[in-house]
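One structure is given below, encoded as structure tokens.
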Amino acid sequence: QKEVEQNSGPLSVPEGAIASLNCTYSDRGSQSFFWYRQYSGKSPELIMFIYSNGDKEDGRFTAQLNKASQYVSLLIRDSQPSDSATYLCAVEPGSARQLTFGSGTQLTVLP
Amino acid sequence: EAGVAQSPRYKIIEKRQSVAFWCNPISGHATLYWYQQILGQGPKLLIQFQNNGVVDDSQLPKDRFSAERLKGVDSTLKIQPAKLEDSAVYLCASSLFPAEATNYGYTFGSGTRLTVV
């Protein structure tokens with residue numbers, strides 16, 4: 001069973017701080033990695049995807065991928081209360097065009 | 001571009017009853033997915049269609065769940081009979097492959113929240 005592991009949290013950070021969310025995966029053949037944000041009662045919305053080792057930045061968000069360590073992370077700079085949500089890590093295995101999700105990390109940004 | 005449409009938004013049924021959910025993907029998206037998301041967990045893939053053929057249904061409880069994709073467009077997911085543990089949000093997603101670089105792959109609908117009592 002291919003697995004994606006996340007710290008369930010909850011993770012609390014003060015407004016303006018950097019929030020760091022982590023994810024590990026078991027399938028070494030995985031090709032692409034996604035971060036979704038899910039507000040309570042809403043469907044997941046894509047924040048970023050990454051498929052090359054290293055960093056990828058988009059505004060206040062930076063995704064980091066280390067395939068050797070099977071590790072992907074999401075940094076949120078200058079965190080805002082509106083960033084309070086559950087963040088889902090998802091992995092696309094090398095063998096299929098589908099997503100396997102972690103259980104999510106609940107983030108609270110305190111004003 | 002219209003999103004992935006799902007209905008109903010909410011459904012409450014008694015155990016052992018049957019229920020059906022409907023999904024209309026984004027126009028032109030060949031691949032359609034049904035996910036089950038239990039409260040506090042990440043979405044779990046139930047079934048994946050490519051056009052009107054099943055690609056992966058390895059996690060679909062086939063004794064009670066069934067799904068079809070009519071003419072490679074709309075899809076219906078059915079549960080019969082429902083159990084208490086089926087209470088969850090059922091998410092439909094669609095994707096276009098090969099993906100465009102600026103809009104990678106997977107778009108989710110708003111989901112159907114099922115409560116089995």
Given just the C-alpha atoms of the protein assembly as shown, how large is their convex hull per residue in cubic angstrom? 124 Å³
On a C-alpha basis, how far is the centre of region A:60-91 from the centre of region B:1-80 in Å? Whole number, if you could? 28 Å
Taking a cut-off of 26 Å between Cα atoms, list the lysines near B:Lys15, but don't count ones fewer than 8 places away on the same chain. A:Lys42, B:Lys44, B:Lys62, B:Lys78, B:Lys83
Count the net charge of all other residues whose Cβ sits under 15 Å from the Cβ of B:Asn52, scoring Lys and Arg as +1 and Asp and Glu as -1. -2
So, counting K/R as plus one and D/E as minus one, what does the shell of residues with Cβ under 13 Å around A:Leu75 add up to? -2
Charge dipole (debye, nearest 20) of the protein assembly as shown; +1 at Cβ of Lys and Arg, -1 at Cβ of Asp and Glu: 640 debye
In µm²/s, what is D for region B:12-111 at 37 °C and 0.692 mPa s, where D = kT/(6 pi eta Rh) by Stokes-Einstein and Rh is the Kirkwood radius from Cα pairs? 235 µm²/s
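Where a number appears in this text, it was derived from the coordinates with a stated rule and is not lab data. Quick caveat: nothing in here was measured; it's all calculated off a predicted structure. Note: ideal-geometry Cβ built from the backbone for every residue, glycine included; neighbour counts use all protein chains shown.
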